[in-house]
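Trainee: What follows is a structure written as structure tokens; I'll ask about it next.
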Amino acid sequence: MHYRRARPASSTIALSLPSTGMVQSTATTGDSRKKNIAKTSLNLLISALKITKEMASACPPLRLAVEALLIVLEAYKGYSEATEAIETLLSRIQPLNDILEKVQSNGDCPQALKDRLTVLASKVTEVVKAAKEVQSTRWILQLMNSANYMEKTESWMKMLDWHIRSFVLEGTIMLELTVNQGIISMNSRFNQVVEGINELHKGLDILAHDALYRSLRPVIEAELYYGSSVHVQCHENTRMEVLATLCSWLHPGHPRLATLPAPVVRALSDRSIVWLHALAGSGKSTIALTVAGWWEKDELLGASYFCARDGQRSNINCIFRTIAYQLALRFSVFREHLTKILEAHPNLYSSDPTRQLEKLIVEPLKAVHANANGEAPFPAHVAVVIDALDECTDNKATSTILKSLARYIDQLSPLKFLITSRLEENITQGFLLQSLDENTHRLALNKIPEDLTKRDITVFLRSRLAAIGNVFDLGASWPAPERLENLVDLSELLFIFAALAARYIEDQAERDPDGRLRSLLDAGNAAAAKRGTSTSVFPILDALYIQVLETAAKGLGDALKAQLKLILGTIVLAEQRLSPATLDALLDLPTGTVRRVLPVFGAILIIPDREDNTTPIGIIHLSFPNFLVDPTRCTDQGFLVRPRIQHSHITFRCLSIMNLALKYNILEVVSEHDRVLNGEIPNLSARLSQRIPAALEYACRYWTTHLCKAEIGEDLLTALEEFCTSHLLHWLEVLSLLGCIDGVVEALQSVQACLKANVPSLLYDCERAVRAFYPIISTSAMHMYSTIAIFAPLDAPIRGLAAANARTLLAVRVGLENTWSDTLVLRVTDGQDIEALAFSPDGTYIACGHADGTAQLLNAHTGTELRAFEGNAKELIWSLSFSPIGKELLSGSHDGAVDLWDVATGANLYTWEAHSASVNSVAWSPDGTLAASASDDKTVRLWRSASPETTVVLQHDDRVHHVIFAPDGDLLSGSHENTCKIWNTRGVDWGMEANIKLNRTLKHDTWVTTVAVSLDSRLVACGLENGEIVLWTKSDGQRLRSLLGQSPVISLVFYPSSLLAAAYEMSPFALWDVSTGAPVKRVDNTYARAAAFASDSLHIVHAVADEFNVRLWPSELKQNATRTKAISRKLKQLVQRSSVEDREPAENGRTDLEAATISPTGKLVLAVYGDELRIYEVVRVREGEQIAAERSEVAICD
């Protein structure tokens, strides 16, 4: 896109400088006397101008002119001094080079000395090369960077001095070592040096690990021994047959197998995955934890990830990056290659799981194998354990993690995966994928013989109860065999019941195990007797929970009882697990309240030790939260948690905490660091932990989630209003520092949808600001304020909030709008020119097809890349189309190929090469069973998505530009032969030579570029090359009317209420009322290569070159409107550059802007256009405030 530049103001001063040759001549010729005279004259002139500037305060134009001239003369002075210094440096180096060459050419010179001389010569050569590069730089750029070159010259002089001194010192040491006879003493010293080097290596390893941690951001809480804080290992001598099965699968010949019984089923050791699945409470996690511990001791464990529904452990985007981190810690050769990949792709931690698996695990493994040199860099068997995959948040119809594994499973050797889960639908579907189905050994715990499970539960309970009886002196015969058997029967083969029962019976506070056993058996037997009338799936387990809760509540005072439901409700509904201290702070309870309440719930909760202030409270099993919020299971109203009311209270507390604690510059970063990236803030991790307490972090992360589930009341709205008016940007600052900006737009949209008529206007403002300035907000929290204050619309309320905190501001004088424009996102992609665009059906994603044959999936809210589709396409992509449910993507390319992609993983699922020329359009049928493609080879190809091998050919007489399915299933194709054909695709006999009926042909005066069909399949709109849109009735081919445009139509779509959206190549987009033929709205456009409309009737995306623009239809009719195209954004980028290598001619014939800088006083901007200088006046927002030279904002002059 071409941007207009601001014209210089009346105060602009055009300066002419000596030609390049003259300047160089001045710097390189003339005797010393002339140079001194010139220097003296220049210094006197500068002094005189400084005096004139101070005396000219009464005449601003004169003062401005003098100040501008001073800037140029001082820059010229610095340039001359820098040039002279470089020449002096080179003149001193030449004799040194002569000496080095002479000594090295001497045949009697010892080899050791020659080697040292060679090293010294190379250092000298580096300095010479750097100095000559500066000399060869264009004079005008030397002028702009003179101060920098002076600093470089001084550093080169110091470097040369240091290298020479080092050379002499090294020679002295070598001489003394040769003649010194104290060899024993020296050896001792060398040993110390070796030890120091070893310690240095250890330190470097630690630093490398720390760098990996910062790059990958692994979830440490999900690793093996963190998992053990919630789950426990299998009781001794239980589950042995299952454990044997897993061990024989991983390593059939391992010595540990000699100590185990025969596997419960034959292990398929050639499979790369074991899927261990069962109902909740069957002991899956206990088995996973046990076998992972064994493999850790046997040095067979590569990594582990114990999922949980709290915090990051439930985030599927964290799994593969955490696994990669653990593999890097265990295998140095893997770490070496992973580090190189991270250097090239530093933001992989934020990529989707498929890309993380590819880049962080698959590619390092490939590099390890490729550089093995016949050695085995890895053990032959390396286990990766992923436990409780069903507890991760993943709304896809097929598990994203499993789809990713399916794509790369044959490239992951020697890794073998143990995955445990319940039988959730999306996980089951994942394991049905062909590549996983062929590589997975399914191990169902419910298929294990019941007698083995009952035996293990009996062993567990007998052992635990015997230990309890021993502690309380109940005798060797306690409990009676029949009571033990009764308890085993009540467990219904659920290990979680047995574990909870034991914890309940041994309660130290009650100290009545026999009484508790009796009450537990009575409650369980009563529940068993009512089994036929209970609506619960687990009536006996529910009875146990009720028994635990009622018994615990008896030991609490009235005040604590009143707080009990609030505490338990927050524990089970919180988005992540919280420590007792954090829970106290979040709920505004007196310090220590949670610790006083929870010990009586030891049967169902894991409470950290009293001196442990960071470990969160754990829930023994997920069945307890499910029980507590389900009125059909928790029948005691005193304990039943009503989620909407509980979420209301949590939301109110989150807002209250933020209103009290949030502030500008919460980390108290000093002013010299207030423009750095978040990752460059000194001691960031320590500052975060000190300045952002856990309760505040939780509130910032999750208040929007809780609000959307809450019952909205007046108190909540009042707290929200206070938050929005006082702390909205402070909240964004914290999220930016925490790296959590990605989901802000969706979160704010959800809040606005939830509040409906009660939405504070600032929430919409905040959403628009995040969309517009996402690259800055997500990477530099402190820079966010000045960016919004300068570039947000003039009347936007959030602009005032930002201005109150921005430390130094410049004003944009041209290019800003009063209110938010219809442009939501304006981004430049990393690929080549964009040739095709498509919205996903739900409007959350945008697919971009590029001229280099690649495609990208982008976040429609922020424009960030989510993944790339890279595969078979060799040439540019002309068209894209999402499947009706958004799971697949079709692309048509210039080489005649049609590719089918998996949206979740980016995998290429299938490629058709049936066309002999460019594919211009692709489309899906409304039910997703059929797909079609249109080509320059004069054909349309139709195929079934379930069996793509067979295609049907539909013939045209010229190139076919567009193809689309009507909602009723008919297929329409527009071509270069000036026609649109309507085909009947229903009732096709795919088993014979296909015969598709042509219903009718719609004829036009010029070629048809695009076609759309109304939602009721009644109307057809044909967009033509001349800008005309012709409306037809589809049933009888009657021509209704024409809608006239000014340039070729590139995209059409029908909206409800008789509206037709049209995108034109070189004229404004239009929203037409087809019933009247009148335009309803227009969106400015000067040129668009591709365009697409979202299904929500609101959003448009269009592209020019490699830039795409997501926009809204305006709220009012805007005709013949013109806008300044992001001048401030363009100039801001240019001011930050010191030079531009690729320049294009500007509109006035000058070369484009080469460099720019702001004067030390902050009053002027000096811009370089080729050999021309222009100076622009800056207007400060705050009178008298100094503006730093390195400011990244820019003032644009009238």
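Trainee: Out of the stretch 640-664, which residues are open to solvent by less than 20 Å² (accessible area, probe 1.4 Å) and in a loop (DSSP other than H, G, I, E, B)?
Mentor: 640, 641, 662
For (1) closer than 30 Å to residue 496 by Cα; (2) in contact with a helix residue (DSSP H, G or I) (Cβ under 7 Å, 6 or more places away or on another chain); (3) touching a residue at least 60 places away in the same chain (Cβ under 8 Å), each residue gets a yes or a no:
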| position | (1), (2), (3) |
| --- | --- |
| 621 | yes, yes, yes |
| 624 | yes, yes, yes |
| 660 | no, no, no |
| 667 | no, yes, yes |
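Trainee: Here is a further query. If you take just the strands (runs of 3 or more DSSP E) that sit entirely in the stretch 869-924, which of them hold at least 3 residues that are touching a helix residue (DSSP H, G or I) at 6+ places or on another chain (Cβ under 7 Å), touching a residue at least 40 places away in the same chain (Cβ under 8 Å) and open to solvent by 10 Å² or more (accessible area, probe 1.4 Å)? Even if it seems obvious, please write down each step before you answer.
Mentor: Values: elements: 877-882, 888-893, 898-902, 908-912, 919-924.
By residue number, no strands (runs of 3 or more DSSP E) qualify.
Trainee: Would you call residue 436 closer than 16 Å to residue 268 by Cα and in a helix (DSSP H, G or I)? So that I can check it myself, show each step before the final result.
Mentor: Numbers: closer than 16 Å to residue 268 by Cα: yes; in a helix (DSSP H, G or I): yes.
For residue 436, the condition - closer than 16 Å to residue 268 by Cα and in a helix (DSSP H, G or I) - is met.
Trainee: Hey, another quick one. I need every pair where a residue in the stretch 254-273 that is closer than 16 Å to residue 418 by Cα has its Cβ under 7 Å from the Cβ of a residue that is open to solvent by 50 Å² or more (accessible area, probe 1.4 Å), sequence separation at least 6 or different chains.
Mentor: Close Cβ pairs satisfying both conditions: 269/252.
Trainee: Let me ask you something else. Counting only residues that are over 37 Å from the mean Cα position of the chain (by Cα), assigned to a loop (DSSP other than H, G, I, E, B) and surrounded by 19 or more Cβ atoms within 10 Å (Cβ to Cβ), how many does the stretch 588-629 have?
Mentor: Qualifying residue count, the stretch 588-629: 1.
Trainee: Could you list all residues from the stretch 576-610 that are in contact (Cβ under 8 Å) with a residue 12 or more places away in the chain and charged (D, E, K, R)?
Mentor: 577, 588, 595, 596, 610
Trainee: Filter the stretch 233-253 for residues that are over 19 Å from residue 494 (Cβ atoms) and in contact (Cβ under 8 Å) with a residue 60 or more places away in the chain and give the result.
Mentor: 236, 237, 245, 246, 249, 250, 251
Trainee: Here is a further query. I'd like to check something: does the stretch 855-863 contain any residue that is under 23 Å from residue 746 (Cβ atoms), at pLDDT 85 or above and open to solvent by 40 Å² or more (accessible area, probe 1.4 Å)?
Mentor: Looking for residues that are under 23 Å from residue 746 (Cβ atoms), at pLDDT 85 or above and open to solvent by 40 Å² or more (accessible area, probe 1.4 Å), one finds none in the stretch 855-863, hence no.
Trainee: Got a sec? Which of 707, 716, 732, 677 is open to solvent by 20 Å² or more (accessible area, probe 1.4 Å), in contact (Cβ under 8 Å) with a residue 40 or more places away in the chain and either touching an Asp or Glu at 6+ places or on another chain (Cβ under 7 Å) or among the aliphatic types (A, V, I, L, M) (or both)?
Mentor: Working: 707 fails: open to solvent by 20 Å² or more (accessible area, probe 1.4 Å); 716 fails: open to solvent by 20 Å² or more (accessible area, probe 1.4 Å); 732 fails: open to solvent by 20 Å² or more (accessible area, probe 1.4 Å).
On inspection, the qualifying residue turns out to be 677.
Trainee: If you don't mind, another one. For the stretch 389-423, name all the residues that are part of a helix (DSSP H, G or I), within 13 Å of residue 271 (Cβ to Cβ) and over 22 Å from the mean Cα position of the chain (by Cα). Step through it out loud before you land on a result.
Mentor: Just the residues of the stretch 389-423 that are part of a helix (DSSP H, G or I), to begin with: 389-391, 400-411.
Those left that are additionally within 13 Å of residue 271 (Cβ to Cβ): 405, 409-410.
Within the stretch 389-423, 409, 410 meet the criteria.
Trainee: Among what's in the stretch 323-340 and is open to solvent by less than 30 Å² (accessible area, probe 1.4 Å) and in contact with a helix residue (DSSP H, G or I) (Cβ under 6 Å, 6 or more places away or on another chain), pick the residue that is farthest from residue 220 (Cα to Cα).
Mentor: That would be 337.
Trainee: Looking at the stretch 295-315, which of its residues are in contact with a helix residue (DSSP H, G or I) (Cβ under 8 Å, 6 or more places away or on another chain), open to solvent by 20 Å² or more (accessible area, probe 1.4 Å) and over 17 Å from residue 250 (Cα atoms)?
Mentor: Correct list: 309, 312, 313.
Trainee: Return yes when residue 1036 is among the acidic types (Asp, Glu) and more than 17 Å from residue 1075 (Cβ to Cβ) and no when it is not. If you could, list the steps in order and put the result at the bottom.
Mentor: Details: among the acidic types (Asp, Glu): yes; more than 17 Å from residue 1075 (Cβ to Cβ): yes.
Judged against the criteria, residue 1036 is a match.
Trainee: Tell me yes or no: at least one residue of the stretch 329-349 is touching a Gly at 6+ places or on another chain (Cβ under 9 Å) and modelled with pLDDT under 90.
Mentor: Within the stretch 329-349 (the criterion being touching a Gly at 6+ places or on another chain (Cβ under 9 Å) and modelled with pLDDT under 90), the answer is yes, since at least one residue qualifies.
Trainee: Got at least one residue in the stretch 245-261 being open to solvent by less than 30 Å² (accessible area, probe 1.4 Å) and within 33 Å of the chain's Cα centre (by Cα)?
Mentor: Filtering the stretch 245-261 for residues open to solvent by less than 30 Å² (accessible area, probe 1.4 Å) gives 245-250, 260.
From what's left, within 33 Å of the chain's Cα centre (by Cα): none.
No: zero hits.
Trainee: Report the residue count in the stretch 222-264 for those that are modelled with pLDDT under 90 and touching a strand residue (DSSP E or B) at 6+ places or on another chain (Cβ under 8 Å).
Mentor: Number of matching residues: 8.
Trainee: Moving to a separate point now. Which members of the stretch 831-842 meet the condition of being outside any strand (DSSP E or B) and open to solvent by 20 Å² or more (accessible area, probe 1.4 Å)?
Mentor: The first filter runs over the stretch 831-842 and keeps only residues outside any strand (DSSP E or B), leaving 831-833, 840-842.
Of everything in the stretch 831-842, those that are outside any strand (DSSP E or B) and open to solvent by 20 Å² or more (accessible area, probe 1.4 Å) turn out to be 831, 832, 833, 841, 842.
Trainee: Determine which member of the set 973, 945 is polar (S, T, N, Q) and at pLDDT below 90.
Mentor: Values: 973 fails: at pLDDT below 90.
Among 973, 945, only 945 is polar (S, T, N, Q) and at pLDDT below 90.
Trainee: Provide a single number: the residues in the stretch 1052-1100 that are part of a loop (DSSP other than H, G, I, E, B), open to solvent by less than 50 Å² (accessible area, probe 1.4 Å) and among the acidic types (Asp, Glu).
Mentor: First, the residues of the stretch 1052-1100 that are part of a loop (DSSP other than H, G, I, E, B): 1056-1058, 1065-1068, 1074-1077, 1084-1089, 1094-1098.
With the extra rule that they be open to solvent by less than 50 Å² (accessible area, probe 1.4 Å), the set shrinks to 1065, 1067-1068, 1074, 1077, 1084-1085, 1088, 1094, 1097.
Narrowing the set further to residues that are among the acidic types (Asp, Glu) leaves 1065, 1084.
Within the stretch 1052-1100, residues that are part of a loop (DSSP other than H, G, I, E, B), open to solvent by less than 50 Å² (accessible area, probe 1.4 Å) and among the acidic types (Asp, Glu) number 2.
One line per residue, one yes/no per condition, for (1) within 20 Å of residue 245 (Cβ to Cβ); (2) free of Cβ contacts under 8 Å to residues at least 40 places away in the same chain:
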position	(1), (2)
372	no, yes
386	yes, no
394	no, no
402	no, yes
419	yes, no
422	yes, no
438	yes, yes
445	yes, no
452	yes, no
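Trainee: Oh, and also: Taking the conditions exactly as written (within 41 Å of the chain's Cα centre (by Cα), among the charged types (D, E, K, R) and open to solvent by 70 Å² or more (accessible area, probe 1.4 Å)), does residue 1005 satisfy them or not? Steps first, please.
Mentor: On the way: within 41 Å of the chain's Cα centre (by Cα): no; among the charged types (D, E, K, R): yes; open to solvent by 70 Å² or more (accessible area, probe 1.4 Å): yes.
Criteria not met by residue 1005.
Trainee: So, one more: Residue 548 passes all but one of (1) crowded, with 21+ Cβ neighbours inside 10 Å; (2) at pLDDT below 85; (3) in a loop (DSSP other than H, G, I, E, B); which number fails?
Mentor: (3)
Trainee: Specify the residue that is nearest to residue 224 (Cα to Cα); the eligible residues are those in the stretch 341-370 that are of a type in the set (S, T, N, Q) and buried (at least 21 other Cβ atoms within 10 Å of the Cβ).
Mentor: Step one: list which residues in the stretch 341-370 are of a type in the set (S, T, N, Q), which gives 347, 350-351, 354, 356.
Narrowing further to those that are buried (at least 21 other Cβ atoms within 10 Å of the Cβ): 351, 354, 356.
Values: 351: 24, 354: 23, 356: 21 Å.
Filtering first and then ranking leaves 356.
Trainee: How many residues are open to solvent by 20 Å² or more (accessible area, probe 1.4 Å), under 16 Å from residue 1092 (Cα atoms) and part of a strand (DSSP E or B) when one looks only at the stretch 1010-1051?
Mentor: 1
Trainee: Might you let me know whether the stretch 423-432 holds any residue that is aromatic (Phe, Trp, Tyr) and either open to solvent by 20 Å² or more (accessible area, probe 1.4 Å) or more than 19 Å from residue 222 (Cβ to Cβ) (or both)?
Mentor: Of the residues in the stretch 423-432, the ones aromatic (Phe, Trp, Tyr) are 431.
Narrowing further to those that are either open to solvent by 20 Å² or more (accessible area, probe 1.4 Å) or more than 19 Å from residue 222 (Cβ to Cβ) (or both): 431.
The answer is yes, given that some residue of the stretch 423-432 is aromatic (Phe, Trp, Tyr) and either open to solvent by 20 Å² or more (accessible area, probe 1.4 Å) or more than 19 Å from residue 222 (Cβ to Cβ) (or both).
Trainee: Could I ask something else about it? Could you identify the single residue in 585, 581 that is at pLDDT 85 or above, part of a helix (DSSP H, G or I) and in contact with a Ser or Thr (Cβ under 8 Å, 6 or more places away or on another chain)? Steps first, please.
Mentor: Details: 585 fails: in contact with a Ser or Thr (Cβ under 8 Å, 6 or more places away or on another chain).
Answer to the check: 581.
Trainee: Right, here's the next one. Could you tell me which numbered condition residue 457 fails, if it satisfies all but one of (1) within 27 Å of the chain's Cα centre (by Cα); (2) of a type outside the set (Lys, Arg); (3) under 29 Å from residue 493 (Cα atoms)?
Mentor: So residue 457 meets the others, but not (1).
The values are calculated or read from the model by the stated rules, or taken from the named source; none is laboratory data. Every value quoted in this text rests on a predicted model; they were computed, and no experiment measured them. Cβ atoms come from the backbone with ideal geometry, glycine included; neighbour counts cover every protein chain shown. Protein only, heavy atoms only, side chains kept; ligands, DNA and RNA dropped before computing areas. Shrake-Rupley method; radii C 1.70, N 1.55, O 1.52, S 1.80 Å.
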